Amino acid sequence: MHSITVEPCTFALFGALGDLALRKLFPALYQLDGAQLLHEDTRIIALAREPGSEQQHLAFIATELRRYVDAKDLDEAVVERFLARLTYLHVDFLKADDYVALAEQAGSAQQVIAYFATPAAVYGAICENLAKVGLSENTRVVLEKPIGSDLESSRKVNDAVAQFFPENRTYRIDHYLGKETVQNLIALRFANSLFETQWNQNYISHVEITVAEKVGIEGRWGYFDKAGQLRDMIQNHLLQLLCLIAMDPPADLSADSIRDEKVKVLRALAPISPEGLTTQVVRGQYIAGHSEGKAVPGYLEEPNSNTQSDTETFVALRADIRNWRWAGVPFYLRTGKRMPQKLSQIVIHFKEPSHYIFAPEQRLQISNKLIIRLQPDEGISLRVMTKEQGLDKGMQLRSGPLQLNFSDTWRSARIPDAYERLLLEVMNGNQNLFVRKDEIEAAWTWCDQLIAGWKKSGDAPKPYAAGSWGPMSSIALITRDGRSWYGDI
């Protein structure tokens, strides 16, 4: 069992009855409790706008906890200990008077962590009201994405928070940064000379980043139709992965050293010209099709849909980084809903050997690939060329994996959910898995030029059948450069 590594805290969860809190945050806190990574004096205050008795709401949270925690991980002794930490407060986030009870429960002795599982529009009001009741000096605030819908709106949100909480007590969540495999990117690159000496334009041909979802909107129409796939996925998750792949070695593992290098990558992204919008970027919107053998509706046929919507549910693009390390190396990013499978992976394609001595018909195989899987099964695979076995095979080549599958390699160890790691890091006051304000602004600056270009051109998203890998033009985007998306079937 782990020893306790964090100080006691009061964890104030705003939006405690919402989907994120019930599905991810309470289960993550429960798992930390089960691993003995919550101090015995740590308390959790669930805050939400819903009226009703405390007992009623705590019973509901308990029911949902048992629903979302895997049965094999449920330990009734831990459940009871965890639930004993909880209290519920009915709070109107916009009324300062409603925060008095929170201040009384939090007191002044413990570190307070205020987690905002709410719309970003109320972040500023929550921060102001925390300050009014004396909860700004000893509090860390955790902000969920999306933070704004463009550069201007993100600055407004961040500036409103910064009036009361400095950068060193502001934690912007991108849950991808808490995934085990993403953490391993740092170790893989900078602890292995095998890779770091090859990690540049001399040895790497191109990079793919794919984040595919099988699901459609799932009742999130009101949010998603205003955002779209570029804002929802590219601006944060995929650009963060790109930064970790492309950044130069940081001076050390401190939060600012790592984030300094990520910002350099974002600022080096080449703008995409109006002409490039037709050759380097593809927008798509799913139409009716099939998923897991069942007919599913198109985006415009979803419940409560706007049948005239031109919001994209798919984006594929080519990004180029203007620096010495990556000159001439394209990064192909692709993300969409209603795709054939749930898949998040990064594929590093290494260049072919300069001198080729094998049979000409096998030349297309000669390309080492490093495949980093984030989901569904986290792991790392290096595809290398070897000789086929057998007396009759001659020097026939085959591509095979040198593979590390986390769940197979460490069978006795449970892979923690990303939110578990991120919540623990907040409690420890460690910011290197969180996004700094200038990172947010640099990412929005790059994405805003795409949004503006789409708006000016008036081009509608291209249709693709649900259950497919996106519009045909997304295949043309990469084949135009003599390449193909890895693993598409």
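The values are calculated or read from the model by the stated rules, or taken from the named source; none is laboratory data. What you see is a predicted model; the values in this text were computed from it and never measured. Cβ atoms come from the backbone with ideal geometry, glycine included; neighbour counts cover every protein chain shown. Protein only, heavy atoms only, side chains kept; ligands, DNA and RNA dropped before computing areas. Shrake-Rupley method; radii C 1.70, N 1.55, O 1.52, S 1.80 Å.
Residues that are crowded, with 19+ Cβ neighbours inside 10 Å, part of a strand (DSSP E or B), among the hydrophobic types (A, V, I, L, M, F, W, C) and modelled with pLDDT of 95 or more occur in region 249-271; there is at least one. Only residues that are touching a helix residue (DSSP H, G or I) at 6+ places or on another chain (Cβ under 6 Å), open to solvent by 20 Å² or more (accessible area, probe 1.4 Å) and farther than 14 Å from LEU47 by Cα were counted across region 76-102, and they come to 1.
So, in region 121-147, of the ones that are open to solvent by less than 20 Å² (accessible area, probe 1.4 Å) and closer than 20 Å to CYS447 by Cα, which residue ends up farthest from the chain's Cα centre (by Cα)? The residue in question is ILE147. Of all residues in region 460-484, those that are in contact with a Gly (Cβ under 9 Å, 6 or more places away or on another chain) and assigned to a loop (DSSP other than H, G, I, E, B) total 7.
Are any of the residues in region 103-118 without any contact (Cβ under 8 Å) to a residue 40 or more places away in the chain and either of a type in the set (Phe, Trp, Tyr) or open to solvent by less than 10 Å² (accessible area, probe 1.4 Å) (or both)? Within region 103-118 (the criterion being without any contact (Cβ under 8 Å) to a residue 40 or more places away in the chain and either of a type in the set (Phe, Trp, Tyr) or open to solvent by less than 10 Å² (accessible area, probe 1.4 Å) (or both)), the answer is no, since none of the residues qualifies. Just so you know, in region 54-78 the residues that are of a type in the set (A, V, I, L, M) and in contact with a strand residue (DSSP E or B) (Cβ under 7 Å, 6 or more places away or on another chain) include one that is nearest to TYR30 (Cα to Cα), and it is ILE61. Among all residues of region 296-303, there is none that is of a type in the set (Ser, Thr, Tyr), within 25 Å of PRO146 (Cα to Cα), surrounded by 17 or more Cβ atoms within 10 Å (Cβ to Cβ) and over 24 Å from the mean Cα position of the chain (by Cα). Could you go through region 192-199 and let me know if any residue there is under 24 Å from the mean Cα position of the chain (by Cα), among the small types (Gly, Ala, Ser) and at negative phi. Checked against the condition, which is being under 24 Å from the mean Cα position of the chain (by Cα), among the small types (Gly, Ala, Ser) and at negative phi, region 192-199 yields no hits at all. Looking for something of a type in the set (Phe, Trp, Tyr) and either touching a Phe, Trp or Tyr at 6+ places or on another chain (Cβ under 7 Å) or free of Cβ contacts under 8 Å to residues at least 12 places away in the same chain (or both) - is there at least one such residue anywhere in region 64-79? Within region 64-79 (the criterion being of a type in the set (Phe, Trp, Tyr) and either touching a Phe, Trp or Tyr at 6+ places or on another chain (Cβ under 7 Å) or free of Cβ contacts under 8 Å to residues at least 12 places away in the same chain (or both)), the answer is no, since none of the residues qualifies.
Go through the residues of region 306-323 one by one and say whether even a single one is modelled with pLDDT of 95 or more, outside any loop (DSSP other than H, G, I, E, B) and open to solvent by 10 Å² or more (accessible area, probe 1.4 Å). Among the residues of region 306-323, at least one is modelled with pLDDT of 95 or more, outside any loop (DSSP other than H, G, I, E, B) and open to solvent by 10 Å² or more (accessible area, probe 1.4 Å), which makes the answer yes. Which residues, counting only those in region 3-41, are open to solvent by 10 Å² or more (accessible area, probe 1.4 Å) and of a type in the set (Ser, Thr, Tyr)? SER3, THR5, listed by residue number.
Close contacts from region 85-101, counting a first residue that is more than 15 Å from GLU50 (Cα to Cα) and a second that is surrounded by 18 or more Cβ atoms within 10 Å (Cβ to Cβ) and of a type in the set (Gly, Ala, Ser), with Cβ to Cβ under 8 Å and a gap of 6+ residues or different chains, come to LEU86/ALA46. In region 159-239, counting only helices (runs of 4 or more DSSP H) that sit wholly within it, the ones holding 1 or more residues that are touching a residue at least 60 places away in the same chain (Cβ under 8 Å), open to solvent by less than 30 Å² (accessible area, probe 1.4 Å) and farther than 19 Å from ARG338 by Cβ span 180-190, 193-196.
So for region 217-229 (the condition being among the acidic types (Asp, Glu), out of contact with any Ser or Thr (no Cβ under 8 Å at 6 or more places or on another chain) and under 24 Å from LEU433 (Cβ atoms)), does at least one residue qualify? No.
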